[in-house]
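The values are calculated or read from the model by the stated rules, or taken from the named source; none is laboratory data. Treat the numbers as computed from the prediction; the structure is a model and nothing was measured. Reconstructed Cβ throughout: ideal geometry from the backbone, glycine too, with neighbour counts over all protein chains shown. The protein model used for the area step is the full one, side chains on, heavy atoms only, and it has no ligands, DNA or RNA in it. Shrake-Rupley method; radii C 1.70, N 1.55, O 1.52, S 1.80 Å.
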Amino acid sequence: MKNFVLAPPIDSFQIKYAKTGQAIPVINDVHLHSIYYPIREAEAFVTKQKTIIGEKKQVLLLGLGYGYHVNALAKYLFSSFGDDFEICVIEPFEQLVVDVTTLSLINTDKVKIFSSNNVADLFDNLELINFLVKRPAVVAHPSSFNLSSKYFKAFLEFKADKSAEGISARLCDESLKVFYHQNFTSSGQQRSYSEIINKKTKVAPLDFLFLALDKITSEGTKKLTEQV
Amino acid sequence: MEKNILIINLKRFGDIYQATQLIDSIIAVDPLMNIEMLVYSEFEKVTKTIQNISKAHIIDREKIISLKNNPVYSDAFSVNELFVALEPLRKRKWDKVINYSGDNVSTYITSYLATEDNCLGVSFNEKNIIKYSNRWSMVFNDLLTSYKYTPINFSDTLHNMVGVKRAEGANHIITNEKHNIVAADNLNRIRQKESETLRRAKGSTGTETVKIVGLQLITSQADKNIPLNVMIELLGMLLDDPQKYPVLLIAPNETERRYVNRLNEYFDNKLVTIESDFVALPSVLSNIDLLVAPDTVVKHLADLLKTPVVEVSLGSGPFLKQGTNNVGNLILTDLLETRVWFDGQIGSNDGKSKQTNIKAEDIFNAITVYFNSALETTTTLSSKISLYRVEKDSKGTIYRPVSGDVNASVEIMRLLSRHTLFTLMGIKDFSDLEEMIASWPSAAVVEIIKTSRDNVVLATKLLLNTLRCLIKTKEGSRYGQAFLNALDELLVECDAHQITSIPIIFFRAKLEALSSSSAEQNISDVETLLYDLKANVQMIIAILNTIENKVMERIRAEKEKKNDSTNEAADGN
């Protein structure tokens, strides 16, 4: 499968301690935070991202590490927007997620973490989809990104499965799946729902749902007044 | 027992506010009615201020578009999003589902949610063919969007479609008590201060009160905006008039704040500006004496609150269809025949700021006329500008020209169209014809009769040709093309904006709604429709004859009067 990109294997996993006492994960000999001043490094990281973040209240962060940069980011967003912000973190290594959760290293409830070995599975997570659709600012934690660059690049370049089977499998209701299978599976991906339905001599209620969907998505947000 | 109505209104803020009139009329008939509305999420906030909407359901259009059009997301998610939004509605038993917006999306959704017997408005049947709940839904969907002499207001059409009488009295908009107090306090303070200044200047101890005139500055479409230079001049005039005081009304966004700053540069930053969102705006509008606005949501809200309005109808503002509609309100417009007809309304067709003949003085004069209607007949406006007053009769809202330039032929056509429409709908009322005869020169009326008769002759010729070709198709399909050509020629008359266009538009609507089971049935159905059309055209002939008789009576009466005066003068000598 095209999008089947896994996290890199962990050959080694160590925990070291910074001069300032914070735990620093080292995976495959890559230090995920500064061994000297991880908090200061995290704050400097956030300062550099301010232009990318701009006025956005939602930030997608690539790489969890042990969360120091996440906390710094949350502190910055709180100072700008109060409680009205969201951070989602993508992390390929589940061990890091377990450690961060067990040790309560993230000090805000405004952060959600999404972890999967396989990039494709992330895009089936409705909570993540609902977040991504808000068009968050995307920010990469440098050491995490470098450690798993193939994974994160696959995430950023992901293309959904547009096959009829792929779509049908992801429909939320059995009636939709049956309807979709009956009407669209042999048509290929090129034709719109309207092109197929308008050729039918008899339509069912669900046909109108798909016709409405086609019209909404083809007209965009500007056009509102076209009469029947 | 509670009855449930779902109104599908997938239009903008102004249209959602305007629906309040219909909602309140329904509640006036049956206070137990539970009314819910389906809207797009970006327009949801306005529904929270409409008292008689018990619940607003939303479709997150932007999200659906992102999910469908972005290659990152499976198409399934956009389907799921719409399905999940509509599923609770589909499972409910609705007494009525009203397709308020009448566009493609709302019609598909109405068809999805409504049943055979609970739909009001247009929908599609199981053959995906358009279906009208009644003839008023045909007026709403086809006539109002095609015919430039707009014989009936949008709101009146909807009331007729739903079968309720328009409720009088203020509409039920939720206001915030705190905002009410603050708005009343602030605006009364301005009123008192300026009134004292006025009384001092006049050396009066009377009760003269200054009128606060709210000016709404910016619309969503550039071609509807009052031009900047006109606004500056108007503000100067209002500030110089001791009896009026302008306040600027803006929404809480940077664009409008920047515009106000620009205006203030001309007035030493002395302009009073009131910035309010939809929660506070009703409180503000309830405390001013008059609103001057283009065709905007603020105008619609002012109508609901019974705040007087002078509407400046520019660009694509469809005033004949959706103008301010409280009795006594005024509408200022470029001469109707100079406005372009497009896409269902009179206006400009490119969305850009259009050259208008309306000057600041015209708007100022309209404001003055509002406060003193006796000045109607003596007020002068710029050339090619018309001022209309909103009035009501038994048929609904009517816009009567009261000042400025007016094209008699256009006004006569408007009255003729109105009378024709209501006659075709089975409503006998001759008030429009009587007004036509009484208000307009006989020569102009005679000219319209002549043009209309010529048009009737043409329409009859095309109709009979179509009928002939249709009958011939029974002999063989080789005559089919001739029939189609004849039908095409007949349907071209829909866009002719002549009096016969009205029944031909209805004919076209019924043709599109035909759902025959066989070719033979189809021919028979079309034949029936053509004979119906023929009957309607004959009705128009009868109307024209009636007008002609009345005009002749008037001409005779005028001649007799003239002869009597001549004889009296001769006797005197």
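Heavy-atom accessible surface of B:Lys55, to the nearest 10 Å², is about 110 Å², with a 1.4 Å probe and all protein chains retained. A Förster radius of 60 Å, combined with the Cβ-Cβ distance separating B:Asp277 from B:Asp571, puts the computed FRET efficiency at roughly 0.20.
Straight-distance candidates among the aspartates and glutamates for linking to A:Lys134, with alpha-carbon spacing under 16 Å and chain neighbours fewer than 8 residues away dropped: A:Glu55, A:Asp84, A:Glu86, B:Glu42, B:Asp60, B:Glu62, B:Glu81.
In chain A, the calculated helix contribution to ellipticity at 222 nm averages -12500 deg cm²/dmol per residue, counting -39,500 (n - 2.57) for every DSSP H run with n ≥ 4. Projection of the Cα convex hull of region B:177-406, averaged over all directions and equal to a quarter of that hull's surface, yields 13.5 nm². Averaging over every viewing direction, what projected area does the convex hull of the Cα atoms of region B:229-310 cover, in nm²? Averaged projected area of region B:229-310's Cα convex hull equals 5.5 nm².
For the pair B:Lys93 and B:Asp488, a Förster radius of 56 Å applied to the C-beta separation gives a FRET efficiency near 0.80, rounded to the nearest 0.05. Note that region B:447-573, at 4 °C in a medium of 1.567 mPa s, gets a Stokes-Einstein diffusion coefficient of 76 µm²/s from its Kirkwood radius over C-alpha pairs. The share of C-alpha pairs in chain B whose separation exceeds 42 Å stands at 31 percent. For the peptide B:120-128, the mean number of other protein chain Cβ atoms found within 10 angstrom of a residue's Cβ is 4. With 20 Å² as the minimum drop in accessible area between chain alone and full protein complex (1.4 Å probe), the qualifying residues in region B:4-42 are B:Lys11, B:Arg12.
Across every direction, the projection of the convex hull enclosing the Cα atoms of region A:20-98 has a mean area of 5.6 nm². For B:Ile173, the residues whose amide H sits under 5 Å from its own are B:Gln51, ignoring neighbours fewer than 5 places away on the same chain, with H placed 1.01 Å from N.
For region B:71-103, a decrease in accessible area of 30 Å² or greater in the assembled protein chains relative to the isolated chain, with a 1.4 Å probe, applies to B:Pro71, B:Val72, B:Tyr73, B:Ser74, B:Asp75, B:Ala76, B:Phe77, B:Val79, B:Asn80, B:Leu82, B:Phe83, B:Asp103. Charge dipole of chain A (Cα centre as origin; +1 on each Lys and Arg Cβ, -1 on each Asp and Glu Cβ, all else neutral): 640 debye, rounded to the nearest 20.
Projecting the Cα atoms of B:Ser394, B:His419, B:Val406 onto the dipole axis of region B:387-433, where Lys and Arg carry +1 and Asp and Glu carry -1 at the beta carbon, places B:Ser394 farthest toward the positive end. Taking all protein chains together, B:Arg556, A:Arg170 sort by accessible area into B:Arg556, A:Arg170, largest first [probe 1.4 Å].
Looking at region B:3-162, the DSSP beta bridges with both ends there are about 15 percent antiparallel. Surface composition of the protein assembly as shown: carbon plus sulfur atoms hold 50% of the accessible area, using a 1.4 angstrom probe and ignoring ligands, DNA and RNA. Taking amide H as placed 1.01 Å from N in the peptide plane, A:Ile113 has its amide H under 5 Å from the amide H of A:Val89, each at least 5 places away in sequence or on another chain. Across region B:528-570, Cα-Cα distances exceeding 14 Å account for 66% of all pairs.
Rounded to the nearest 100 Å², what is the buried accessible area between A and B, both sides summed, probe 1.4 Å?
So the buried area, both faces added, is about 4300 Å².
What the Cβ-Cβ distance of B:Gln538 and B:Phe267 gives, at R0 = 56 Å and to the nearest 0.05, is a FRET efficiency of 0.35.
In this label model, B:Arg258 and A:Thr101 are separated by 4.7 nm, measuring between points 7 Å along each Cα→Cβ vector. Projecting label points 7 angstrom from Cα along Cα→Cβ for B:Leu228 and B:Asn563 puts them 6.6 nm apart. Backbone geometry of region B:219-231 corresponds, through the Karplus equation with coefficients 6.51, -1.76 and 1.60 at θ = phi - 60°, to 3J(HN,Hα) couplings of 10, 7, 10, 4, 6, 8, 6, 5, x, 4, 5, 5, 5 Hz, x marking Gly and Pro. Going by a ≥ b ≥ c, the root eigenvalues of the Cα gyration tensor, does region B:1-119 fall in the rounded group (a/c under 1.5), the prolate group (a/b larger than b/c) or the oblate group? The shape class here is prolate. Only the Cβ atoms of Lys and Arg (+1) and of Asp and Glu (-1) were treated as charged; on that basis the dipole of region B:3-162 about its Cα centre amounts to roughly 40 debye.
Summarising the label geometry, the points placed 7 Å from Cα in the beta-carbon direction at B:Lys45 and B:Ser383 lie 4.6 nm from one another. Largest accessible area first, the residues B:Cys469, B:Cys494, A:Cys172 order themselves as A:Cys172, B:Cys469, B:Cys494 under a 1.4 Å probe with ligands, DNA and RNA left out.
Return the calculated 222 nm mean residue ellipticity for chain B, to the nearest 500 deg cm²/dmol, obtained by summing -39500 (n - 2.57) across DSSP H runs with n ≥ 4 and dividing by the residue count.
Helices in chain B give a 222 nm mean residue ellipticity of -16000 deg cm²/dmol.
Solvent-accessible area per residue in chain B equals 42 Å², computed with a 1.4 angstrom probe and all protein chains kept. For region B:179-294, just say rounded, prolate or oblate: build the C-alpha gyration tensor, square-root its eigenvalues into a ≥ b ≥ c, call rounded for a/c under 1.5, and beyond that prolate if a/b exceeds b/c, oblate if not. Taking the square roots of the gyration eigenvalues as a ≥ b ≥ c, region B:179-294 is oblate. Placing unit charges on the Cβ atoms only, positive for Lys and Arg and negative for Asp and Glu, gives chain B a dipole magnitude near 400 debye about its Cα centre.
Restricting the chymotrypsin sites (Phe, Trp or Tyr not before Pro) of region A:40-75 to loop positions (DSSP other than H, G, I, E, B) with no more than 14 neighbouring Cβ atoms within 10 Å leaves nothing. In terms of the Cα gyration tensor, with a ≥ b ≥ c the square roots of its eigenvalues, is the protein assembly as shown rounded because a/c is under 1.5, prolate because a/b exceeds b/c, or oblate? Oblate.
If a spin label sat at a point 7 angstrom from the Cα of A:Thr20 along the line to its beta carbon, the backbone N atoms of region A:74-97 nearer than 15 Å would be those of A:74-76. The candidates B:Lys428, A:Lys202, arranged from most to least accessible area with a 1.4 Å probe in the full protein assembly, appear as B:Lys428, A:Lys202.
Of the whole protein surface, B:Trp440 contributes about 40 Å² of accessible area at a 1.4 Å probe radius. Stokes-Einstein diffusion of chain A at 4 °C, 1.567 mPa s viscosity, Kirkwood radius from Cα pairs, rounded to a whole number: 64 µm²/s. The residues of region A:29-78 have, on average, 47 Å² of accessible surface per residue, using a 1.4 Å probe with all protein chains present. Each residue of region B:395-410 was assigned a 3J(HN,Hα) from its phi angle through the Karplus expression (A = 6.51, B = -1.76, C = 1.60, θ = phi - 60°), giving 8, x, 6, 9, 9, 9, x, 10, 7, x, 6, 9, 8, 4, 4, 4 Hz with x at Gly and Pro.
Between their Cα atoms, which of B:Lys45/B:Lys93; B:Lys55/B:Lys127; A:Lys57/A:Lys159 are more than 30 Å away from each other? Check vs 30 Å cut-off fails for B:Lys55/B:Lys127. Each residue was assigned an accessible area with a 1.4 Å probe, and for A:Val30 the value is about 50 Å².
Taking a Cβ cut-off of under 12 Å around B:Thr546, the surrounding Lys, Arg, Asp and Glu residues balance to a net charge of -2, with basic ones at +1 and acidic ones at -1.
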